[in-house]
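What follows is one structure encoded as structure tokens, with my remarks underneath.
We did not get these values from a lab; they are worked out from the coordinates using the rules stated. As the structure is a prediction and not an experimental result, all values here were calculated from the model. Cβ coordinates were reconstructed from backbone atoms using ideal geometry, including for glycine residues, and neighbour counts include every protein chain displayed.
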Amino acid sequence: MYAKKPPIEFEPIIESTDVYSCAGDSCNGWMRKEFVSDTLDCPLCGSSMIEEVRDLPQMKKSYNFY
């Protein structure tokens, strides 16, 4: 008999990433440092953003990266 192979599951590479998170208490907004605007305002609520480090999956920067 023939059997279907189980799908290969790739584990994402986790790395420490610089991000900016919203300083507002009611907002959960954050974005990677590469995508932050010059004004450092939260795009969701307009509050200021503070820099922090988070462990996030690695992004492939070769696809449409500026």
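Determine the principal axes of the Cα atoms in the chain, then give the extent along each, sorted from largest to smallest and rounded to whole angstroms.
Here the Cα extents, ordered largest to smallest, are 62, 29, 19 Å.
If you stretched the chain out fully between Asp25 and Lys60, how much longer would it get, using 0.36 nm times the residue separation minus the C-alpha to C-alpha distance?
9.4 nm
Between Asp18 and Cys45, what is the FRET efficiency for a Förster distance of 25 Å, r being their Cβ-Cβ separation, to the nearest 0.05?
Once rounded, the FRET efficiency stands at 0.75.
Treat every Asp and Glu Cβ in the chain as -1 and every Lys and Arg Cβ as +1, leave all other atoms uncharged, and give the resulting dipole magnitude about the Cα centre to the nearest 20 debye.
It works out to roughly 520 debye.
Quote the relative contact order of the chain in percent (integer), defining contacts as alpha-carbon pairs under 8 Å separated by 6+ residues.
Once normalised by length, the contact order is 37 percent.
Report the net charge of residues surrounding Ser16, where surrounding means a beta-carbon distance below 11 angstrom and charges are Lys +1, Arg +1, Asp -1, Glu -1.
Local charge sum for Ser16: -3.
Specify which residue in the list Met59, Val36, Pro7 is farthest towards the positive end of the charge dipole of the chain, using unit charges on the beta carbon of Lys, Arg (+1) and Asp, Glu (-1), about the Cα centre.
It is Pro7.
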